[in-house]
């Protein structure tokens, strides 16, 4: 009886082929071995893979051996002995497919790993469109990677647990992080300036924040201006008591603008005066105004000697000026060289693209967009 050297040869014969891919140009002989209807598709699929040089997977290799033995009588009728497959020799070593379903941490990323599954892929892709933090598929490792954020951790664990029989192995480290998040959510957490006896304190304030505020005058009652003014820049809020005290002691401008790092203000004489009041209270000089639109801004409250003007070419007629000796820098075009801080920036143009504009924006401790869009929606100017 005839024998074949490799298991793949038996498989291809079972599918009706003889000698490799050259025979694909002719129809296979389906009458040579009569396959059960439910075996036809899988046998043909696996045979086509091996004939074109793709090794079978580990599961496919086991199934192939079972199918060859299943049809051994028909092989024998055609004069072919299938006993060699009992000690299989493969033309191509079967591919091991990692079928693990896992979620684990890798540095600052969450990794989701599972074998190819259209339904699971669609679910992860659907979440990616609304995720908080980057979600992407890494082709080399065939893994989904998610930024290590609270929403991503919560979604990934909940999603994995919802799979039921398709259970994912969840890294205990992720479970621990999730439990910490859930515990923290039970505790109200705010970084807030509050009154404490005859001074103030920042609740939940990190040491770096406290150190910075100490360098700006500390937590004393006579430093309320700075404490309110730096709240927008440093990202802490004010308690209602502190806000009321601020309104009692100082003009509304301090609270309206001081709580923000960036703020939109509608152009009007009243709002413009509020900006000048704010700069005076906080001593945020020089005020740097970028007005490429030639929008009219009334500078009459300032003496001309306190203003340095840059024309549309970024040039100034003022020689040897010291920005710390003037109150206002007015520019239709930002100067080519500017090596000074920008305590307060006012711009009539929101599209701050380009190196010079970005440089001014990055140097600015406060930015006021003085245009038609307003976020000053209440009496304090809170957005």
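Just to be sure I understand the filter: pairs with C-beta atoms under 9 Å, separated by 6 or more residues or on different chains, first member in the stretch 168-188 and touching a residue at least 40 places away in the same chain (Cβ under 8 Å), second member part of a helix (DSSP H, G or I) and exposed (fewer than 14 other Cβ atoms within 10 Å of the Cβ). Which pairs pass?
From the stretch 168-188, the pairs are 168/161; 170/161.
Do we find a residue being farther than 30 Å from residue 100 by Cα and surrounded by 15 or more Cβ atoms within 10 Å (Cβ to Cβ) anywhere in the stretch 214-222?
Initial filter on the stretch 214-222 (farther than 30 Å from residue 100 by Cα): 214-222.
Narrowing further to those that are surrounded by 15 or more Cβ atoms within 10 Å (Cβ to Cβ): 219.
Yes: one or more hits.
Scan the stretch 142-164 and give yes if some residue there is farther than 30 Å from residue 10 by Cα, under 19 Å from the mean Cα position of the chain (by Cα), surrounded by fewer than 11 Cβ atoms within 10 Å (Cβ to Cβ) and not assigned by TED's automatic domain parsing to the domain that holds residue 15, otherwise no.
Checked against the condition, which is being farther than 30 Å from residue 10 by Cα, under 19 Å from the mean Cα position of the chain (by Cα), surrounded by fewer than 11 Cβ atoms within 10 Å (Cβ to Cβ) and not assigned by TED's automatic domain parsing to the domain that holds residue 15, the stretch 142-164 yields no hits at all.
Of all residues in the stretch 213-237, count the ones that are part of a helix (DSSP H, G or I), out of contact with any helix residue (DSSP H, G or I) (no Cβ under 8 Å at 6 or more places or on another chain) and either modelled with pLDDT of 95 or more or closer than 17 Å to residue 201 by Cβ (or both). Can you show your working first?
Let us first name the residues in the stretch 213-237 that are part of a helix (DSSP H, G or I), namely 213-215, 221-234.
Filter again for out of contact with any helix residue (DSSP H, G or I) (no Cβ under 8 Å at 6 or more places or on another chain), leaving 214-215, 221-223, 233.
Among the residues that remain, those that are also either modelled with pLDDT of 95 or more or closer than 17 Å to residue 201 by Cβ (or both) are: 214-215, 221-223.
The total comes to 5.
Yes/no per residue for (1) surrounded by fewer than 17 Cβ atoms within 10 Å (Cβ to Cβ); (2) touching a strand residue (DSSP E or B) at 6+ places or on another chain (Cβ under 9 Å); (3) modelled with pLDDT under 90:
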{"position": "6", "(1), (2), (3)": "yes, no, no"}
{"position": "9", "(1), (2), (3)": "no, no, no"}
{"position": "24", "(1), (2), (3)": "yes, no, yes"}
{"position": "43", "(1), (2), (3)": "no, no, no"}
{"position": "71", "(1), (2), (3)": "no, no, no"}
{"position": "76", "(1), (2), (3)": "yes, no, no"}
{"position": "87", "(1), (2), (3)": "yes, no, no"}
{"position": "111", "(1), (2), (3)": "no, yes, no"}
{"position": "114", "(1), (2), (3)": "no, yes, no"}
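So that you can scan it fast, the table gives a plain yes or no per residue for (1) crowded, with 18+ Cβ neighbours inside 10 Å; (2) out of contact with any helix residue (DSSP H, G or I) (no Cβ under 6 Å at 6 or more places or on another chain); (3) in a loop (DSSP other than H, G, I, E, B); (4) modelled with pLDDT of 80 or more:
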| position | (1), (2), (3), (4) |
| --- | --- |
| 336 | no, yes, yes, no |
| 339 | no, yes, yes, no |
| 346 | yes, yes, no, yes |
| 351 | no, yes, yes, no |
| 359 | no, yes, no, no |
| 362 | no, yes, no, yes |
| 369 | yes, yes, no, yes |
| 372 | no, yes, yes, no |
| 378 | no, yes, yes, no |
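Pull up the stretch 238-279, narrow it to residues that are touching a strand residue (DSSP E or B) at 6+ places or on another chain (Cβ under 7 Å), assigned to a helix (DSSP H, G or I) and not assigned by TED's automatic domain parsing to the domain that holds residue 222, then point me to the one that is nearest to residue 327 (Cα to Cα).
Among those residues, the one meeting the criterion is 279.
Regarding residue 290, is this residue touching a helix residue (DSSP H, G or I) at 6+ places or on another chain (Cβ under 9 Å), buried (at least 18 other Cβ atoms within 10 Å of the Cβ), over 30 Å from residue 322 (Cα atoms) and in contact (Cβ under 8 Å) with a residue 40 or more places away in the chain? Can you show your working first?
Values: touching a helix residue (DSSP H, G or I) at 6+ places or on another chain (Cβ under 9 Å): yes; buried (at least 18 other Cβ atoms within 10 Å of the Cβ): yes; over 30 Å from residue 322 (Cα atoms): no; in contact (Cβ under 8 Å) with a residue 40 or more places away in the chain: yes.
Considered against the rule, which asks whether it is touching a helix residue (DSSP H, G or I) at 6+ places or on another chain (Cβ under 9 Å), buried (at least 18 other Cβ atoms within 10 Å of the Cβ), over 30 Å from residue 322 (Cα atoms) and in contact (Cβ under 8 Å) with a residue 40 or more places away in the chain, residue 290 comes out as no.
So, in the stretch 89-109, how many residues would count as being under 22 Å from residue 175 (Cβ atoms) and surrounded by 15 or more Cβ atoms within 10 Å (Cβ to Cβ)?
Going through the stretch 89-109 one residue at a time, the tally reaches 6.
Which residue pairs have Cβ atoms closer than 9 Å, lie 6 or more positions apart in sequence or on different chains, and pair a first residue in the stretch 118-129 that is closer than 14 Å to residue 152 by Cα and in the same structural domain as residue 147 (by TED's automatic domain parsing) with a second residue that is surrounded by 12 or more Cβ atoms within 10 Å (Cβ to Cβ) and modelled with pLDDT under 90?
Going by the 9 Å Cβ cut-off, the qualifying pairs are 128/134.
What do you reckon, is residue 127 surrounded by 11 or more Cβ atoms within 10 Å (Cβ to Cβ) and either within 30 Å of residue 173 (Cβ to Cβ) or out of contact with any strand residue (DSSP E or B) (no Cβ under 9 Å at 6 or more places or on another chain) (or both)?
Working: surrounded by 11 or more Cβ atoms within 10 Å (Cβ to Cβ): yes; either within 30 Å of residue 173 (Cβ to Cβ) or out of contact with any strand residue (DSSP E or B) (no Cβ under 9 Å at 6 or more places or on another chain) (or both): yes.
Criteria met by residue 127.
Tell me, please, whether a residue that is surrounded by fewer than 16 Cβ atoms within 10 Å (Cβ to Cβ), in contact with a strand residue (DSSP E or B) (Cβ under 7 Å, 6 or more places away or on another chain) and modelled with pLDDT under 90 can be found in the stretch 184-193. Give the steps one after another, and end with the answer.
Initial filter on the stretch 184-193 (surrounded by fewer than 16 Cβ atoms within 10 Å (Cβ to Cβ)): 184-191.
Now narrow it down to the ones that are in contact with a strand residue (DSSP E or B) (Cβ under 7 Å, 6 or more places away or on another chain): 190-191.
Of the ones still in play, those that are also modelled with pLDDT under 90 are 190.
There is at least one residue in the stretch 184-193 that is surrounded by fewer than 16 Cβ atoms within 10 Å (Cβ to Cβ), in contact with a strand residue (DSSP E or B) (Cβ under 7 Å, 6 or more places away or on another chain) and modelled with pLDDT under 90.
Is it the case that some residue within the stretch 293-307 is modelled with pLDDT under 85, surrounded by 12 or more Cβ atoms within 10 Å (Cβ to Cβ) and out of contact with any strand residue (DSSP E or B) (no Cβ under 6 Å at 6 or more places or on another chain)?
Yes, because at least one residue in the stretch 293-307 is modelled with pLDDT under 85, surrounded by 12 or more Cβ atoms within 10 Å (Cβ to Cβ) and out of contact with any strand residue (DSSP E or B) (no Cβ under 6 Å at 6 or more places or on another chain).
Return the only residue of 285, 330 being assigned by TED's automatic domain parsing to the domain that holds residue 365, part of a loop (DSSP other than H, G, I, E, B), surrounded by 15 or more Cβ atoms within 10 Å (Cβ to Cβ) and in contact with a strand residue (DSSP E or B) (Cβ under 8 Å, 6 or more places away or on another chain). Steps first, please.
Values: 330 fails: part of a loop (DSSP other than H, G, I, E, B).
Only one candidate qualifies: 285.
The values are calculated or read from the model by the stated rules, or taken from the named source; none is laboratory data. These numbers were taken from a predicted model, which means no experiment stands behind them. Cβ coordinates were reconstructed from backbone atoms using ideal geometry, including for glycine residues, and neighbour counts include every protein chain displayed.
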